[in-house]
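Below is one structure, written out as structure tokens; the observations come after it.
The values are calculated or read from the model by the stated rules, or taken from the named source; none is laboratory data. Because the structure is predicted, anything quoted here is derived from the model rather than measured. Neighbour counts are summed over all protein chains in view; Cβ atoms, including those assigned to glycine, are modelled from backbone coordinates with ideal geometry.
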């Protein structure tokens, strides 16, 4: 099956020299796009990796303007196949991804300008070392709240399962009445083991996703 690329593109203007913008993008990509393959181009930087579980290519093109530089970010996503179910970003909004990149790059530009000033013996204003704050939107807040609630509920089930595995008596809430129903014996222990194994798989996936999302917000 041939590739079916879908392209997303946005741009931003900067008052800084193109080379300063290039250096900032190089540092940004090395941090936020950890795991992607980076390459230099005559007019910018390209990165290949995964977006939303699909193969993708991000192109950062820098055009000199007066004054400063224009940065055009184009993201090509191959949607010909099914997304990787193990991807932490499956189903993500690619336009939103580019918007977050453009919101973060000015911080990297300031860092590069500060480093250059210090290297030349200047005493320009220094900037905070923290990454720029990302303003949560209503949809993101609702999604985060839903995920936290879901995780708390499943953690309670895991606690019930742990008790059931140890004691042989598993108490689970009834869908009809809301009261606790009791399962005894080996049936209780088998069900408890399955619940704990599934819970461990979820926790392991979240931990791996956190390690992969270097330099990104935890909900990225």
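Residue check: residue 132 meets all listed conditions (1) assigned by TED's automatic domain parsing to the domain that holds residue 19; (2) modelled with pLDDT under 80 but one, namely (1). Where strands (runs of 3 or more DSSP E) fall entirely within segment 1-80, those with at least 2 residues that are touching a strand residue (DSSP E or B) at 6+ places or on another chain (Cβ under 6 Å) and closer than 21 Å to residue 93 by Cα are at 5-14, 44-51, 54-64, 69-78. Counting the residues of segment 47-57 that are out of contact with any helix residue (DSSP H, G or I) (no Cβ under 7 Å at 6 or more places or on another chain) and surrounded by 17 or more Cβ atoms within 10 Å (Cβ to Cβ) gives 6. Is at least one residue of segment 168-181 part of a helix (DSSP H, G or I), over 19 Å from the mean Cα position of the chain (by Cα), buried (at least 16 other Cβ atoms within 10 Å of the Cβ) and at pLDDT below 85? Scanning segment 168-181, I find no residue that is part of a helix (DSSP H, G or I), over 19 Å from the mean Cα position of the chain (by Cα), buried (at least 16 other Cβ atoms within 10 Å of the Cβ) and at pLDDT below 85, so the answer is no. The sole residue among 10, 15 that is modelled with pLDDT of 90 or more and more than 30 Å from residue 207 (Cβ to Cβ) is 10.
Among the residues of segment 38-60, are any closer than 25 Å to residue 114 by Cβ and within 15 Å of the chain's Cα centre (by Cα)? No, segment 38-60 has no match at all.
One line per residue, one yes/no per condition, for (1) over 21 Å from residue 103 (Cβ atoms); (2) outside the structural domain of residue 106 (by TED's automatic domain parsing); (3) touching a residue at least 40 places away in the same chain (Cβ under 8 Å); (4) surrounded by fewer than 17 Cβ atoms within 10 Å (Cβ to Cβ):
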residue	(1), (2), (3), (4)
14	no, no, yes, no
25	no, no, yes, no
37	yes, no, no, yes
45	no, no, no, no
59	no, no, no, no
65	no, no, yes, yes
70	no, no, yes, yes
77	no, no, yes, no
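If you go through segment 21-44 and keep only what is in contact with a helix residue (DSSP H, G or I) (Cβ under 6 Å, 6 or more places away or on another chain) and closer than 21 Å to residue 67 by Cα, you end up with 23, 24.
What do you reckon, is residue 107 at pLDDT 80 or above, in the same structural domain as residue 69 (by TED's automatic domain parsing) and either out of contact with any strand residue (DSSP E or B) (no Cβ under 7 Å at 6 or more places or on another chain) or exposed (fewer than 13 other Cβ atoms within 10 Å of the Cβ) (or both)? So residue 107 fits the description; yes.
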